[in-house]
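Here is the structure we will look at.
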Amino acid sequence: MYIRKQFRRERLRIPMDKVVLKLALHRKSIRRYKSDKIDLSKILYAIKTALQAPSGANQQPWRFIIVEDPEVKAEIRKICEDLEKKFYSRVKKELKEWLLSRGFTWKKPFLTEAPYLIAVFAELGKPYAVQSTWLAIGYLLLALEEAGLASLTYTPPSSPELLEILRVPEGFQLQTIIPVGIAGEDKRKEPRKKLHEVTFYNRWGTTLMQD
């Protein structure tokens, strides 16, 4: 059922001069990167943007480690690929076939290809630490897109080895590793669900209009 009222004669229109929407429309997760160097100040700008995200009780539980050292990146990649091999050996056939059909494997070249990695951590024990940190990650991704940089939220299997390599103190949990650089693959993104498919009005199942 559709709600007509004031929307009877017109569909919902979002002006395309809206910056945030443009960034969201153009951003895509990238898994191949060029070796081109990028300006570190762009990453710092993106993190500064992430710091403006809301957080539970304003505790700002997020922490960021920027990794450029090739040796550290190589160590991170080795640990992650070892963990991914174990995951792929256990995954059920149907899921494995789906992953392979989409180009997903245990190999994670982006961890060494990208000129920078951003490891993002949440301080456990803080109110809504994980949720708050992912809000900050959302801000970060759009800011990177605004800076003309490609990115990916890679969430590796949990590993104390990764924390040890990055010298992370107790009480912090790795949320994602974000490779950052210049896209080395097509940035066209897959179609998204339409507004009317996922948005209801007052109660589940009642939509405002078709897109």
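Once the convex hull of all Cα atoms in segment 99-211 is built, its volume per residue stands at 180 Å³. Shape class of segment 14-65 from the alpha-carbon gyration tensor: oblate, with a/c at 1.5 or above and b/c at least as large as a/b. Of all lysines in the structure, those lying under 18 Å Cα to Cα from Lys108, and not within fewer than 8 positions of it along the same chain, are Lys28, Lys34, Lys73, Lys78, Lys85, Lys86, Lys96. Each Cα pair under 8 Å and six or more residues apart adds its separation to the average, and for the chain the resulting relative contact order is 36 percent. Relative contact order, whole percent, for segment 69-119 stands at 54, derived from Cα pairs under 8 Å and 6 or more residues apart. The distance linking segment 55-86 with segment 138-196 is 10 Å (Cα centroid to Cα centroid, whole angstrom). Across all directions, the shadow cast by the convex hull of the chain built on its C-alpha atoms averages 15.0 square nanometres. Its DSSP H runs of at least 4 residues, each contributing -39,500 (n - 2.57), put the calculated 222 nm mean residue ellipticity of the chain at -11500 deg cm²/dmol, to the nearest 500. For segment 75-156, what relative contact order do you get, as a whole percent, if you take Cα pairs closer than 8 Å and at least 6 residues apart? 27 percent. Quick one: work out the % antiparallel among DSSP beta bridges in the chain, nearest 5. The antiparallel fraction comes to roughly 90 percent. Screening the chain for whole DSSP H helices of 24 Å or more along their axis (Cα) with average Kyte-Doolittle hydropathy at least 0.5 returns 129-146. For segment 89-149, applying the loop criterion from DSSP together with a ceiling of 15 other beta carbons within 10 Å to the trypsin sites (Lys or Arg not before Pro) yields Lys92, Arg102, Lys107.
On full extension, the segment bounded by Ser29 and Leu95 gains 21.7 nm, given 0.36 nm per residue less the C-alpha separation. Estimated at 0.36 nm per residue, the fully extended path between Lys85 and Gln52 surpasses their Cα-Cα distance by 8.2 nm.
Of the trypsin sites (Lys or Arg not before Pro) found in segment 153-211, the ones in coil according to DSSP and having at most 12 other Cβ atoms within 10 Å of their Cβ are Arg167, Lys187, Arg188, Lys189, Arg192, Lys193, Lys194.
Only the coordinates and a few stated rules stand behind these numbers; no lab work does. Note that this is a predicted model, so its numbers are computed, not measured. Using ideal geometry, Cβ is built from the backbone for each residue, glycine included, and neighbour counts are taken over all protein chains shown.
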